[in-house]
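Taking it in order: structure first as structure tokens, then the write-up.
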Amino acid sequence: MNSERLSPRLNRVAQLIGQYGPQPIRLADIGSDHAYLPCNLKLNETISYAIAGEVVEGPFQSAVKEVNQQGFSNVIDVRKGDGLEVVTPEDNINTISICGMGGALIRTILEAGLHLLTNNTIVVLQANIAEPQLRTWLSKHHFIIRDEDIIEDNSRYYEIIVAEYLPSQQQVLSKKQRLFGPVNLRQPDATYIAKWQQELHSQEKVYASMKAGLEDANHPKLVEMEKHLQLIREELARVEKTN
């Protein structure tokens, strides 16, 4: 992977930034690593300006090197810092991307920098785990989920969430919407089905192991896990019937 050729996961993130970012797009890419994403977006004239934020020295230096090699040091500012602390109000950032982290960490980053967001700020988030908890946090903090997608990349499935910050509004999500995603539920495709088939298989193994280790068949953890598995089975039955 490089700035000219992103991974399928980051390529889809780039497409969604171009589709939903307010024009002209001023991006903060948090956890930018080599700054491949902002450099790619600038190569394709998708963004007008970007901050590539990185907290670790090695990736920070890699990002500086990549931006300089691409000749973008005048439009992509590589900054070292934790989360959104690399952003100031004067930067006029209107789009934020946070990818390749756990949902809990993405939540923490957004919460710490919430005061920097303005009305209609777009966030494009790709969490490796804990997507339902991330959706719950977004719905409670005045983000409206505008789009979602699931991408298969190197035999793994990644969920991408696009949300808009609207302080005067609040999106109420059901348990099913928090788990599967409100947009995903409306437009399930083959990748969605494959992801949840894999997830069901994995969670059934966890359930069997848990059941073997607990004497009480009515243990609250088992009951909760059974409900979770049933929700996945019902959703797969629904989408497999319609596809």
Open item on the list: Whether any residue in the range 84-100 is in contact with a strand residue (DSSP E or B) (Cβ under 9 Å, 6 or more places away or on another chain), in a loop (DSSP other than H, G, I, E, B) and without any contact (Cβ under 8 Å) to a residue 40 or more places away in the chain is what I want to check.
Closed with: no
- [ ] Please specify each residue of the range 158-177 satisfying the condition of being farther than 19 Å from residue 139 by Cβ and either touching a Ser or Thr at 6+ places or on another chain (Cβ under 7 Å) or not assigned by TED's automatic domain parsing to the domain that holds residue 15 (or both).
- [x] none
Open item on the list: Residue under question is residue 53, and the condition is that it be part of a strand (DSSP E or B), surrounded by fewer than 20 Cβ atoms within 10 Å (Cβ to Cβ) and within 21 Å of the chain's Cα centre (by Cα); does it hold?
Closed with: no
TODO: Kindly establish whether residue 74 is assigned by TED's automatic domain parsing to the domain that holds residue 152, polar (S, T, N, Q) and touching a Ser or Thr at 6+ places or on another chain (Cβ under 7 Å).
DONE: no
Open item on the list: For the range 160-177, give me the residue count where each residue is surrounded by 15 or more Cβ atoms within 10 Å (Cβ to Cβ) and either of a type in the set (Gly, Ala, Ser) or in contact with a Leu (Cβ under 9 Å, 6 or more places away or on another chain) (or both).
Closed with: 8
Task: Candidates 19, 69, 61, 15 - the one that is within 18 Å of residue 121 (Cβ to Cβ), in the same structural domain as residue 117 (by TED's automatic domain parsing), surrounded by fewer than 19 Cβ atoms within 10 Å (Cβ to Cβ) and at pLDDT 95 or above - done: 19
- [ ] Could you figure out which of (1) over 30 Å from residue 181 (Cα atoms); (2) of a type in the set (A, V, I, L, M, F, W, C); (3) surrounded by fewer than 17 Cβ atoms within 10 Å (Cβ to Cβ) isn't true of residue 76?
- [x] (3)
Task: The listed residue being among the acidic types (Asp, Glu), part of a helix (DSSP H, G or I) and farther than 23 Å from residue 8 by Cβ, out of 164, 215, 204 - done: 204
Open item on the list: Based on this model, can you work out whether residue 128 counts as surrounded by fewer than 19 Cβ atoms within 10 Å (Cβ to Cβ) and touching a residue at least 60 places away in the same chain (Cβ under 8 Å)?
Closed with: no
Open item on the list: Take residue 199 and tell me if it is assigned to a helix (DSSP H, G or I), touching a strand residue (DSSP E or B) at 6+ places or on another chain (Cβ under 9 Å) and in contact (Cβ under 8 Å) with a residue 24 or more places away in the chain.
Closed with: yes
Open item on the list: Suppose we keep only residues that are surrounded by fewer than 21 Cβ atoms within 10 Å (Cβ to Cβ) and of a type in the set (Lys, Arg) within the range 79-115. Which one would you say is nearest to residue 38 (Cα to Cα)?
Closed with: 79
TODO: Can you give me the number of residues within the range 9-41 that are free of Cβ contacts under 8 Å to residues at least 12 places away in the same chain and within 24 Å of residue 88 (Cβ to Cβ)?
DONE: 1
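Just the residues that are in a loop (DSSP other than H, G, I, E, B) and either touching a Ser or Thr at 6+ places or on another chain (Cβ under 7 Å) or at negative phi (or both), please, taken from the range 34-50. It would help to see each step written out before you state the result.
Going through the range 34-50, the residues in a loop (DSSP other than H, G, I, E, B) turn out to be 34-35, 44-48.
Matches in the range 34-50: 34, 44, 46, 47, 48.
The values are calculated or read from the model by the stated rules, or taken from the named source; none is laboratory data. Keep in mind that what you see is a predicted model, and the values were worked out from it rather than measured. Note that each Cβ is placed from the backbone with ideal geometry, even for glycine, and that neighbours are counted across all protein chains shown.
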